[in-house]
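Taking it in order: structure first as structure tokens, then the write-up.
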Amino acid sequence: MADPLSVVASIVGIAGAGIQLSTTLYTYAETAFYADKSLQDIARDVSLTSSVLGQLGELIKQDKQAKLCSENALKTADEAVTGCRAVFTEIDTALQKSLKKTGDGKAAVSKLQRLKWPLVEPKMKLLQGNLDRLKSTLLLMLNVLAYAKKLKEE
């Protein structure tokens, strides 16, 4: 049986990682020559997914007494979180390849990487699509649990 607390901890952890990643993406979008609009879209999707993860984690955490989450629901949530973690990691890896550290420890985009963005963009779009599907699953779960909670309260 999936432990709700470990699922919540996993959800909260990946939501935090997503927020950090979206901040990095927004920063990169400001400095990359060709990447601004598409990276802002990806950053927004990462941020929204992180927000949904946070809301779902909070709802599952509050579910101790009502027992609205079935074992299957917790397993699905855990699989979606694992998928989000994988997508976030792939996005971050692709991003880190494009960034280089400056003398003061900050990340910067090299001129060469600015020009390479059109080659990286298709992979990022694929990852964005994967993230969108995972976000849809999470939103559906969030809505079903919120509806079940509302019915239980009535």
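Compute the FRET efficiency between Glu90 and Ser6 as 1/(1 + (r/R0)^6), taking r as their Cβ-Cβ distance and R0 = 22 Å, and round to the nearest 0.05.
0.40
What number comes out for the charge environment of Gly18, summing +1 per Lys or Arg and -1 per Asp or Glu over other residues with Cβ under 12 Å away?
+1
Under the 0.36 nm per residue contour assumption, what length would be gained going from the current alpha-carbon distance of Tyr147 and Leu126 to full extension?
4.4 nm is the gain from fully extending Tyr147 to Leu126.
Order 121-131, 49-59, 20-30 from most to least packed using the mean count of other Cβ atoms within 10 Å.
49-59, 20-30, 121-131
Measuring from label point to label point, each 7 Å out along Cα→Cβ, what is the Leu140 to Glu71 span in nm?
Distance between the two pseudo-spin positions: 2.2 nm.
Most exposed first by the Cβ proxy, i.e. fewest other Cβ within 10 Å, how do Val81, Val87 rank? Could you put the intermediate results ahead of the total?
Values: Val81 23, Val87 26.
Ranked by crowding around the Cβ, least crowded first: Val81, Val87.
A short reminder: the numbers here are calculations on the coordinates, not readings from a lab. Everything numeric in this text was worked out from a predicted model, so none of it was measured. In this analysis, Cβ positions are derived from the backbone assuming ideal geometry, glycine residues included, and neighbour counts consider all displayed protein chains.
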